[in-house]
Structure formats: C-alpha cells, structure tokens
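J.: Here you go, one structure.
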Amino acid sequence: RKLFCKQKQKAEEQNRKPTRSTTRKTPKMKVAAATLLAMMAASVEADIYMHNPRGSNNRNCRTDNNKQRRNGNRLFDSQNNDNGGYSCPRAWPFDCYKYVDDGGAFNQCQNQNNNANKNMLNAVGDLVNPAAVNTDMMYYYSGSELSLEWTAQHGMGTNSEVVADIVVQYACQDTLTDNCADAPAGANPYVADPNGQQCVARDGTPVRVADGNNGLNAEATDTIPDNANDQDDMRYGRHETFAYYQECKNRERNQGLWAADQDLNGNDARTTRQNPNANRNGLECPEESEYYPYWHYSPWKDVAVVTNDAARCTLYQTESQNVKGKGRCNCNGNCNGNGNQPNNAQACAAVAGAEWVEDAAHGLPPPECLVGAYSRQNHLGNVGAGANAAGYNWTLPEVQTEQTCVLRIRYNMTSTDFGGVPQTADARLNGAQSPLK
C-alpha cells in the first residue's frame, strides 16, 4: 500500500492512508469442460465498497443488528462504515427461516441443524447432518471474465486532489491452507504438509446450537481465536493461515517506515502506523495489508493496480510477488517471539543456526497497471463522464482442480490538501520530526 521498502528496511514510503476495504469474496474453481472458480467472501479495505462480487465488509449472515455488521475485525481490518457490505444469503434463523409460521416444522428443522461443538461441520464447513440445509457457494468458470465493480469514497483516478491506488488481489487454497498449527522448526510456514491435517479458508458457518443461545459462535461472527485448537472449527471464518500469522508475530517490523507521531507499542510486523497497538484482525498481517508491494512473503496474488499515476506502474509490476521471490530468515526455531526474527539478510546472518532463504514468486504475470477514471470525493456512484461504475474486468485464472478462493481489494489514498507534507517519508520524520501531529 505504500512504496516498496528494500531489504535494508529504510527505503522511502508514500505518505498515504491505507484505507482498507478488503471486500473479500470466496469463490471456487472446478475442473469440468471448463474449470470453475468458487468465490468465498470478498474482502474490502476501508472506504471502498465492492458491489460485484458482493463484498462482505466483514459481515457474515446475520442482518437484524439494525443493519450494522457485528464485528468489523472478524476476518480483516475493514475500516468501512458498519452499514456497508453484503450479508450471506442465509436468512436468520438461518436454514429454518421458511418454517417460522409452522412451529412443529421449525423446531424439527432447528434440531436437524443443531449441535454444540465443531464436529457438526465437515472440513469445508458444511453441516454433517444429512437433513441439514447447506448454502451453496458462488461458482465461476476459470478463464471466464468477471466484471468487478466498486465505489471509493475519497476519490480516485485523474482527480488531482487525491493520490490513490486500488490493488486487486486474490488467494486460493494453495496459499490459504495450513496444517492447523504453527509450522515445525525449520519448515516452510507457508506450505502445508499434504499428509497432515488441512485447515482451509472459509466464511464461517452459522449454526443453531443445542442450548438455543448465541454462544459457541453460533452466528459465525466472532474472530477466530489465535490458537491451534480452534483452526479446524468451521464456525469461525478464516482467510490467512494460523502459521502465516505466527510468522507475522515473530518477524521484526520494518523500522525504516514513517510512523508520524504514533507510539508503536511493539517490535513485530503486527505493529504499524495504522495499527500501533498490534490489534488482531482475523489472521491477517497488518504490515503486509497496509504496504504494497510488500517486501516479505504474501499469500495474495496480484491481479491489477488501478492508479492515478502511471509512473508508479513499473515499481508495482517489478516488485510484485507474482514475478519476484521474497526473502525470509529461517531461524530453525532460534528466534521465535514477538519481533525476534530478523527482517533482513545481514541481521539474519548474525543469528546462530539461521539462514536467509527465498520464498518463490507465485509464477504469474505481473499485475496489469492502469490509470483509473476520475471520481470525486464523497461520491459513492458512477465515475468519469459516463454512466459506468468503477471497476475492472478480470479474466479468472486457469486451475486444474476445484479451488476455493478469496478476492481482496485495497484502497490506498492520500489527500493533496495537506500543504507542506511530502508524499514520501521514512523513519527520519517520525516522532517530533513528523509534519503531521
């Protein structure tokens, strides 16, 4: 979301607000005559609203909370208005809503969709009772074209009053699956052992619990706990993996970034200018979600960057992990703990038994980079001079087997009305030296 910072951890970054609306949508891909992509919850990050596919804004299925989402940190750090986003198609009381006028049928249906522990769901989140009603996902054929549409509140494109990028990314089972626990010492934390237990991305399945109350995450709107025992509980939504989040906690944050006058209360990659207290939002890594292109591994694959300045395109395309591997310090268990894992090769070499390794590129073409159409501030409507919504036509990637995927949109913007504030800054302008206080 900010300008790339090199491995020495002191490059300049753009002084832009990471307005994040990860409209994450969860699709799937299947192999048939053509291959299908099934989308899970779309994810949108702050003051941008995805309308096709329908962005969750961290919602799940419950809609009777005065139309407001219940948990804005369920899967990711969505800084959008609580009224934004789209709920899943399952109406309250979920599978049995159609029987509300028939008490006997309603109670029977509730019993069939009822259990008080995580064993009520299978490995993909479907209720295991044969009489239960499960909600189908949206499916898309790989190779087909999906028209993405969104609205961005603070302006975009050729609007001279903002500096802004919209980054479109997706991730599928190959990067969103782990073995439900932290990786063993020395193992690659981003690659699941195919012979071990598999925990996958999912929206979280609402259920009717046996005691009839809202405990046990019955509405599937709680944030998944940060422990291994709950990773296979499909009532919790999950995008990034548990192992990925542990790596984020271990890794030293980039000390060269501009933090303005913020007091960053931590030394690991969870602690950023936008998240100074290392608050948890699902299992996403705050540093990765707020800076683009990121200088360490990311499970997210780049589709496109819609910018206001084509001069930034070369940077985005050459530093994308689609085409470039990212370094990591493999400490073999010798530098675990909050921020104890070095974030550069030189510091890694000073740790006994550690080695600097490279996580491979995703092996995809660089993201398309294009200048977006003009949109004005405080206008959640069409853009440019015509009657079209802001968007991007995405040709879905080819896959060989059915895949569950998540789509993410990131909106990074800076207003140009702050006179005297540079658009690039680094740690030399932190604290008392910050032009913003």
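J.: Only one of (1) open to solvent by less than 40 Å² (accessible area, probe 1.4 Å); (2) under 24 Å from D232 (Cβ atoms); (3) not in a loop (DSSP other than H, G, I, E, B) is not met by N119, so which one is it?
T.: With respect to (1) open to solvent by less than 40 Å² (accessible area, probe 1.4 Å); (2) under 24 Å from D232 (Cβ atoms); (3) not in a loop (DSSP other than H, G, I, E, B), N119 is out only on (1).
Yes/no per residue for (1) at pLDDT 95 or above; (2) closer than 23 Å to E358 by Cβ:
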{"position": "T241", "(1), (2)": "yes, yes"}
{"position": "E252", "(1), (2)": "yes, yes"}
{"position": "L264", "(1), (2)": "no, no"}
{"position": "N279", "(1), (2)": "yes, no"}
{"position": "H296", "(1), (2)": "yes, yes"}
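J.: Here is a list: N57, N81, N66, N52. Which entry is surrounded by fewer than 24 Cβ atoms within 10 Å (Cβ to Cβ) and modelled with pLDDT of 85 or more?
T.: N52
J.: Pull up the stretch 218-240, narrow it to residues that are assigned to a loop (DSSP other than H, G, I, E, B) and small (G, A, S), then point me to the one that is surrounded by the fewest Cβ atoms within 10 Å (Cβ to Cβ).
T.: A218
Rundown of residues vs (1) at pLDDT 90 or above; (2) closer than 30 Å to C285 by Cα, yes/no style:
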site: A131; (1), (2): no, no
site: S147; (1), (2): yes, yes
site: D165; (1), (2): yes, yes
site: A183; (1), (2): no, yes
site: A201; (1), (2): yes, yes
site: V207; (1), (2): no, yes
site: N214; (1), (2): no, yes
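J.: Of the residues C369, C335, C285, only one is touching a helix residue (DSSP H, G or I) at 6+ places or on another chain (Cβ under 9 Å), free of Cβ contacts under 8 Å to residues at least 60 places away in the same chain and either farther than 28 Å from L75 by Cβ or not aliphatic (A, V, I, L, M) (or both); which?
T.: From the options C369, C335, C285, the qualifying one is C285.
J.: Residue pairs, Cβ under 6 Å, 6 or more apart or interchain, first in the stretch 407-427 and crowded, with 24+ Cβ neighbours inside 10 Å and part of a strand (DSSP E or B), second at pLDDT 80 or above and polar (S, T, N, Q). List them.
T.: What qualifies is R408/Q169.
J.: Related question: All but one of (1) closer than 25 Å to N80 by Cβ; (2) in a loop (DSSP other than H, G, I, E, B); (3) more than 19 Å from the chain's Cα centre (by Cα) hold for N279; which doesn't?
T.: (3) is the only condition that N279 fails.
For (1) crowded, with 16+ Cβ neighbours inside 10 Å; (2) among the small types (G, A, S), each residue gets a yes or a no:
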residue: D101; (1), (2): no, no
residue: A105; (1), (2): no, yes
residue: Q110; (1), (2): yes, no
residue: N113; (1), (2): yes, no
residue: G125; (1), (2): yes, yes
residue: Y140; (1), (2): yes, no
residue: E145; (1), (2): no, no
residue: D165; (1), (2): yes, no
residue: C180; (1), (2): yes, no
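J.: Further, regarding this structure: Looking for something modelled with pLDDT under 80 and of a type in the set (G, A, S) - is there at least one such residue anywhere in the stretch 117-128?
T.: no
J.: A follow-up question, please. Kindly establish whether V357 is open to solvent by less than 50 Å² (accessible area, probe 1.4 Å), within 26 Å of the chain's Cα centre (by Cα) and free of Cβ contacts under 8 Å to residues at least 60 places away in the same chain.
T.: Details: open to solvent by less than 50 Å² (accessible area, probe 1.4 Å): yes; within 26 Å of the chain's Cα centre (by Cα): yes; free of Cβ contacts under 8 Å to residues at least 60 places away in the same chain: yes.
So V357 fits the description; yes.
J.: I've got another one for you. Against the condition part of a loop (DSSP other than H, G, I, E, B), modelled with pLDDT of 90 or more, buried (at least 19 other Cβ atoms within 10 Å of the Cβ) and out of contact with any Asp or Glu (no Cβ under 6 Å at 6 or more places or on another chain), how does T271 come out, does it pass?
T.: yes
Residues are listed down the side, and each one gets a yes or a no for (1) out of contact with any strand residue (DSSP E or B) (no Cβ under 9 Å at 6 or more places or on another chain); (2) over 14 Å from A152 (Cβ atoms):
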| site | (1), (2) |
| --- | --- |
| D359 | no, yes |
| P366 | no, yes |
| V371 | no, yes |
| A389 | no, no |
| N430 | yes, yes |
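J.: While we're here: Residues that are open to solvent by 20 Å² or more (accessible area, probe 1.4 Å) and in a loop (DSSP other than H, G, I, E, B): does the stretch 241-255 have at least one?
T.: Yes, the conditions are met somewhere in the stretch 241-255.
J.: Further question: Out of T158, T151, T135, I need the residue that is part of a strand (DSSP E or B) and either touching a residue at least 40 places away in the same chain (Cβ under 8 Å) or hydrophobic (A, V, I, L, M, F, W, C) (or both). Which one?
T.: None of the others qualify; the one that does is T151.
The values are calculated or read from the model by the stated rules, or taken from the named source; none is laboratory data. The structure displayed is predicted, hence computed values, not measured ones. Don't worry about glycine lacking a Cβ; one is built from the backbone with ideal geometry, like all the others, and counts go over all protein chains shown. What goes into the accessible areas is simple: the full protein's heavy atoms, side chains included, and nothing from ligands, DNA or RNA. Shrake-Rupley method; radii C 1.70, N 1.55, O 1.52, S 1.80 Å.
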